[in-house]
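**Q** The structure's right below; bear with me while I get my questions together.
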Amino acid sequence: MTTTDPLPAVDGTDTRTLLYRTADHAADFLEGLDERPVQPHGTHETLYAALGGELPAEGEPADQVIDELVAGTADGLLDSTGGAFFGWVIGGVLPAALAADWLTSTWDQNTASYAHAPAQSVVEQVTGEWLIDLLGLPTGSSFAAVTGSQMGHVTALAAARNGLLHRAGWDVAARGLAGAPAIQVICSADRHASIDRALRLLGFGTDAVHPIATGTSGQIDLNALRRALMATTGAPTILCLQAGDLHTGAFDPFAAAIDLARERDDVWVHVDGAFGLWAAASPRHRELTAGIERADSWVTDAHKMLNTPFDCGFAIVADTAAHRSATAMQASYMPPAAGAERDAMDWTPEWSRRSRATPVYAALRSLGRNGVAALIDADCDNAAALVTGIGALDGAEAVAVPVFNQGLIRFHDPARGERAGSDHDDSDHGVIDHGGRGLVDRDPADSDLSDLADDAFTDRVIARIQRDGQAWFGPATWRGMHVMRVSVCDWRTTPAHVERAIEAVAAAIAAELALA
Ligand SMILES: *Cc1c(COP(=O)(O)O)cnc(C)c1O
C-alpha cells in the first residue's frame, strides 16, 4: 500500500497480522497492570500533544495507526481494570468477556433486529433469560440490553410511565404528557443521580420527586416512605428503591417497602440495582435482596459486578406490555420478528446497536452460576478486609463498614482544631457539599474546626495515595463529611492487592503527617 491509495489495500494476511499485533499490545497492557502506577502521569497537555495535530490528508497504514494509538494513550490510561483500583464502582473485565467483545466488533452485526443479526439476537435472548433467572426475577419479564444503568432507568421508567398512565386511562404514546395525570416519584434522598437525569429526559421533571430520608445506614426510612405514599395518594406514583447505595452499599428494605407500595394499586416499584442486584446471585448475600422480585422493574449493569467491558447494562420489566408500549418500533423495511424470534429494537430506545449482550453471555458461561457467586463473594470479602484494615490504621476510621462491596473511610488530622484554627477561614473549606441530596448529619455551618481539619486531611491523604500509584481510591462527601470511598468490583483484586493497598494508605498517612 502506498500512502496515496485512497483506501488501504487490505488482504486477509494483513488483517491477521494486524490482529495478532493488536492482541500483543492488549496482552502487554494487561500484563503491566500490577507493575505500573494505577494513576497515569499524562496530563491533558501531554496527551493532547501525543494524540492531536491536524488530521492527515492521506491515510496511514493500519499497523502504524494502532502502534501510535498505543504509544499515544499509554500515559493516559487509568488502570481501573486492574486489581488495585477501588474508585467509583467500575469493575474489571473477565478474559472470556474481553475475547467475546472483540468478536462482537469483528462480526459487526447490527443487533437491532433478528433479520439483521440472527445469531446475536438469540445470544441476547438467552443472556436476558439467564440473567432474569440468575437474579431471581420473574420468569417471562421483558428486558433491554442498554449502554448502562443510566439508559436502563430511562427505559424502565418510560415503561413505568406508559404502564401507570395506561391504568389511569391516558394513552401517553399518542397524547404525550401535557394534560396527563402528573406522575409523582418517591426516591431515596441518597439515590444515584442517573435517576434524576432519567426523570428529566422523560419529561417528569425533578419537581415530581419526593425524596425520602435515609438513616445512618443509607436505607430508606419506612415511616418516611409511609408519609410519602400518603402525600402522593391519588396520583400515579413511581417508587424507586435501591439495591446497593453508591457510598455504603446499603440495600433498601424491599419486602417491607413493597408491601407498603402494594397497599395502593397505582404505584410502580423500580429498583436501581446497578451493582447491588448481583447480591441475588450469591447464596451468601441473597438475603439483602429479599422481596425484590415483587418490584415492577429493575436495572443492573454487567460492566460493574459481572466484569464485562463497558456498554453493558440491563433494564428488566415485569409488565412486558408496558415495556413494549414505550419502546416498540416499526418500519416498512424491517421485517418483524416471527414466532419466538426477538427484535431487540422493540425493547430499547436504540435502533442500530452492537451486540452488547455477547460479552455478558461469555462472562456468564465462563463463570457458571457458582463462579458468579464466587466472584461477588470475593469482592465483598476483599472490601471488608480493605475497610477493616484501613480503619484499623492510626489516623483512619471506618465510617461505613461494607454490607456488600462498598465502604467509607475518614482520616483524622491529629493536630485537628489547633491547625485549622491557625489559618481558619470558612471559605477555605467551602468544598463541603450537600450535593443537593438532602439529609446530612452535619451541617457545614455547625462544623467545628476539627471537622474541617479532618476534611482537609482526608482530601490530602486521598490525593497522595492517587499520586503514589500503588492503589486508587476516590473522594466523596457523605453526611457532610469528606470521606474516601472504597469499592471492590474486580475479579483481579486479590488479598495481596488488599494488603498492598492498606500499606499504601498507611504510607500516605505517614507522609502527610510528616509534612504537618
Ligand atoms: C453506576 C450506577 C448507575 C449508573 O449506571 P451506568 O452504568 O453508569 O449508566 C446508577 N445507579 C447506581 C447505584 C450506580 O452505581
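**Q** Highest mean first, how do 159-166, 178-185 rank when packing is the count of other Cβ atoms within 10 Å averaged over residues?
**A** Values: 159-166: 24.4, 178-185: 17.2.
Final packing ranking: 159-166, 178-185.
**Q** Assuming 0.36 nm per residue, please report the length gained on full extension of the stretch Glu287 to Thr388 beyond their Cα-Cα distance. Intermediate values should be presented prior to the final figure.
**A** Values: separation 101, 0.36 × 101 = 36.36 nm, distance 2.25 nm.
Full extension of this stretch gives 34.1 nm more.
**Q** Moving on. What distance in nm separates the two pseudo spin-label positions at Glu129 and Asp34, each 7 Å out from Cα along the beta-carbon direction?
**A** Spacing of the two 7 Å Cα→Cβ label points: 4.0 nm.
**Q** Compute, for His116, the solvent-accessible surface of its heavy atoms (probe 1.4 Å) with the complete set of protein chains present, and express it in square angstrom to the nearest 10.
**A** So the heavy atoms of His116 present about 80 Å² to solvent.
**Q** Moving on to the next point. Need the full-extension length gain, Thr233 to Val122, defined as separation in residues times 0.36 nm minus the C-alpha distance. One decimal, nm.
**A** On the way: separation 111, 0.36 × 111 = 39.96 nm, distance 4.27 nm.
Taking 0.36 nm per residue and subtracting the Cα distance, the gain is 35.7 nm.
**Q** Per the chain: cysteines with no other Cys C-beta under 4.7 angstrom?
**A** Cys312, Cys380, Cys489
**Q** Right, here's the next one. Counting pairs of alpha carbon atoms under 8 Å apart in space and at least six apart in sequence, what relative contact order in percent does the chain give?
**A** Values: 971 pairs, mean separation 106.0, N = 516.
Relative contact order comes out at 21 percent.
**Q** Using all alpha carbons of the range 245-305, what is the percent of pairwise distances in each 10 Å bin, ordered from the shortest bin to the longest?
**A** It works out to 22, 54, 21, 3, in whole percents.
**Q** For the range 50-209, what are Rg and Dmax over the alpha carbons, in angstrom?
**A** Computed over the Cα atoms of the range 50-209, radius of gyration and Dmax are 21.7, 61 Å.
**Q** Still on this structure: Ala328 to Arg21: extension gain in nm, 0.36 nm per residue of separation minus the Cα-Cα distance?
**A** Values: separation 307, 0.36 × 307 = 110.52 nm, distance 4.21 nm.
Taking 0.36 nm per residue and subtracting the Cα distance, the gain is 106.3 nm.
**Q** Determine the equivalent ellipsoid of the range 155-291 by diagonalising the alpha-carbon gyration tensor, then write out the semi-axes as square roots of 5 times the eigenvalues, largest first, rounded to whole Å.
**A** Working: eigenvalues 133, 47, 40 Å².
Taking √(5λ) for each eigenvalue gives 26, 15, 14 Å, largest first.
**Q** Could you work out the Rg to Rh ratio of the range 305-350, with Rh taken as the Kirkwood radius (inverse of the mean 1/r over all Cα pairs)?
**A** Working: Rg = 13.0 Å, Rh = 12.6 Å.
On the Cα set of the range 305-350, Rg over Rh gives 1.04.
**Q** Another question about this same structure. Would you rank Arg167, Arg356, Arg492 by solvent-accessible area, highest first, keeping every protein chain in place and using a 1.4 Å probe?
**A** The residues order as Arg167, Arg492, Arg356, largest area first.
**Q** Return the calculated 222 nm mean residue ellipticity for the chain, to the nearest 500 deg cm²/dmol, obtained by summing -39500 (n - 2.57) across DSSP H runs with n ≥ 4 and dividing by the residue count. Show your work: numbers first, answer last.
**A** Details: 15 runs with 211 residues, N = 516.
For the chain, the value works out to -13000 deg cm²/dmol.
**Q** Here's another thing I want to ask about it. Express the accessible area of the chain per residue in Å², computed with a 1.4 Å probe while the remaining protein chains stay in the model.
**A** Working: 22700 Å² over 516 residues.
That works out to 44 Å² per residue.
**Q** For Tyr114, Tyr333, write out the residues from largest to smallest accessible area, computed with a 1.4 angstrom probe and no ligands counted. Mind dumping the intermediate values first?
**A** Values: Tyr114 65, Tyr333 155 Å².
Most to least solvent-accessible, the answer reads Tyr333, Tyr114.
**Q** Among Gly273, Gln109, Leu164, whose Cα lies farthest out toward the positive end of the dipole of the chain, if unit charges sit on the beta carbon of Lys, Arg (+1) and Asp, Glu (-1)?
**A** Leu164
**Q** Within the P(r) computed for the range 284-335, what percentage of the Cα pairs occupies the region above 12 Å?
**A** Details: 1003 of 1326 pairs.
Here the tail beyond 12 Å accounts for 76 percent of pairs.
**Q** Continuing with the same structure: Pop the C-beta distance of Trp351 and Trp107 into the FRET formula with R0 = 25 Å and round what comes out to the nearest 0.05.
**A** E between Trp351 and Trp107, to the nearest 0.05, is 0.85.
**Q** If the only charges are +1 at each Lys and Arg Cβ and -1 at each Asp and Glu Cβ, what is the size of the charge dipole of the chain around the Cα centre, to the nearest 20 debye? Mind dumping the intermediate values first?
**A** Numbers: 36 positive and 69 negative charges, 389 e Å.
The dipole of the chain has a size of about 1860 debye.
**Q** Where in the chain are the helices, taken as whole DSSP H runs, whose Cα atoms extend 20 angstrom or more along the long axis and whose Kyte-Doolittle mean reaches at least -1.0?
**A** On the way: long enough: 12-31 (28 Å, -0.56); 118-134 (24 Å, 0.27); 149-167 (26 Å, 0.00); 357-391 (40 Å, 0.64); 449-468 (28 Å, -0.35); 495-515 (30 Å, 1.02).
Helices meeting the span and hydropathy rule in the chain are 12-31, 118-134, 149-167, 357-391, 449-468, 495-515.
**Q** The range 10-94: D in µm²/s via Stokes-Einstein (Kirkwood Rh, Cα pairs, 4 °C, 1.567 mPa s)?
**A** On the way: Rh = 14.8 Å.
Calculated translational D: 87 µm²/s.
**Q** Please give the net charge around Trp102, taking every other residue with its beta carbon less than 13 angstrom from that of Trp102, where Lys and Arg add +1 and Asp and Glu add -1. Spell out each step's value before the answer.
**A** Numbers: positive: Arg354; negative: Asp101, Asp108.
For residues surrounding Trp102, the net value is -1.
**Q** For the chain, what is the convex hull (Cα atoms) projected area averaged across all directions, in square nanometres? Let's see the in-between values first.
**A** On the way: hull surface 109.8 nm².
Taking the Cα atoms of the chain, their convex hull projects to 27.4 nm² on average.
**Q** Roughly how compact is the range 94-185, stated as its Cα Rg over 2.2 N^0.38 Å to two decimals?
**A** Working: Rg = 17.3 Å, N = 92, 2.2 N^0.38 = 12.3 Å.
My calculation over the Cα atoms of the range 94-185 gives 1.41.
**Q** May I pose another question? Work through the residues other than Arg342 whose Cβ is under 14 Å from its Cβ and net out their charges, Lys, Arg +1 and Asp, Glu -1. Working shown, then result.
**A** Values: positive: Arg324, Arg353; negative: Glu124, Glu129, Glu341, Asp343, Asp346.
Neighbour charge sum, excluding Arg342 itself: -3.
**Q** Order these peptides, 44-53, 482-491, by their mean beta-carbon neighbour count within 10 angstrom, highest first.
**A** Details: 44-53: 11.9, 482-491: 26.0.
Per-residue Cβ counts within 10 Å, averaged per peptide and sorted highest first, yield 482-491, 44-53.
**Q** Going toward the positive end of the dipole of the range 346-393, with +1 on Lys and Arg Cβ and -1 on Asp and Glu Cβ, which of Ala385, Trp351, Gly368 do you reach last?
**A** Value: Trp351.
**Q** Over all alpha-carbon pairs of the range 51-118, lay out the pair-distance distribution in 5 Å bins, whole %, shortest bin first.
**A** 3, 11, 11, 15, 18, 16, 15, 9, 1
The values are calculated or read from the model by the stated rules, or taken from the named source; none is laboratory data. Predicted model only: the values in this text are computed from it and were never measured. Methodologically, a virtual Cβ is constructed for each residue, glycine included, from the backbone with ideal geometry; neighbour enumeration extends over all protein chains shown. What goes into the accessible areas is simple: the full protein's heavy atoms, side chains included, and nothing from ligands, DNA or RNA. Shrake-Rupley method; radii C 1.70, N 1.55, O 1.52, S 1.80 Å.
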